[in-house]
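The block underneath contains the structure these notes are about, expressed in C-alpha cells.
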Amino acid sequence: MSAPSPKLPSSSSKTKFNDMMLRLGIKNKMRGLIDDGSPFKEAAEEAGVPYEMALALTKTDEDFHAMWSDSSRSSDTPARTYPSTVHRSPSEVKEDFMAMLVDAGLYEKLAQMAVLAEPGTDEGNKVLMFFGRSILPTMLPKEHVEDRTIVELREKSDGELKEMLSELRNRRITDGS
C-alpha cells in the first residue's frame, strides 16, 4: 500500500496566502523606508500604495497607524491629522477644512475676486451675488440673541421675572381677542 499523497492547498487559499504575503511585503517596505527617514506620504507612494489609502488604513490597521505615528514624530514638519484619518465631530471637520482653506489663501483670493468684480456687468453681478448669497452668510458669525436674553433673565430678580411674565400674559390675552 502506498502512502497517501499530501493534500495540496486549494486555489482560493493559495490566493489568500499570496495576498497576505503581498500586504506583508508592502508593510515591510514602508516600514524600512520610514525607518530610513522617509515621510509617510513618500513611503506609501514608493511602496505602491496610494497615500489616501494608506491614510485610511491608519484607522483600521495597527501597523499603518504605527508607521504614520513614527513618521510624524521623526519629521521636522508636524503631521496634520485630517478628518479622514481620525473620527471628528462635524464642527471639527469644518474647522479643519476652514484652516486648510485659510492656509491656501482663501480670504485673500476671495477679496481679490470681490475687488475685480465690476458692478453693472453680468459677470460682476454674478460674482457679487455669489458673495452675498453664498460666501458672506457662511463666513460671518451669526448672533445668538437667545444667549443674551438668557443672561439678561438670570440677572433679574424673582419679582421682576413675575412682573415680566404677567405683562407677557396680558399682551397675549389682549392680542388674542
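The values are calculated or read from the model by the stated rules, or taken from the named source; none is laboratory data. Not measured: the values here are computed from a predicted model. Note: ideal-geometry Cβ built from the backbone for every residue, glycine included; neighbour counts use all protein chains shown.
Which helices (runs of 4 or more DSSP H) does segment 87-142 wholly contain that include 1 or more residues that are at pLDDT 80 or above and out of contact with any strand residue (DSSP E or B) (no Cβ under 8 Å at 6 or more places or on another chain)?
Here the list reads 90-103, 106-116, 122-130.
Quick one: in segment 20-37, which of the residues that are hydrophobic (A, V, I, L, M, F, W, C) and surrounded by 12 or more Cβ atoms within 10 Å (Cβ to Cβ) is nearest to Arg73 (Cα to Cα)?
Taking the candidates together, the pick is Ile34.
Which residues, taken from segment 143-163, are modelled with pLDDT of 75 or more and either in a loop (DSSP other than H, G, I, E, B) or loosely packed, with under 10 Cβ neighbours inside 10 Å (or both)?
Those that are modelled with pLDDT of 75 or more and either in a loop (DSSP other than H, G, I, E, B) or loosely packed, with under 10 Cβ neighbours inside 10 Å (or both): Glu152, Arg154, Glu155, Lys156, Ser157, Asp158, Gly159.
Of a type in the set (A, V, I, L, M, F, W, C) and at pLDDT below 85 - does that describe any residue in segment 59-81?
yes
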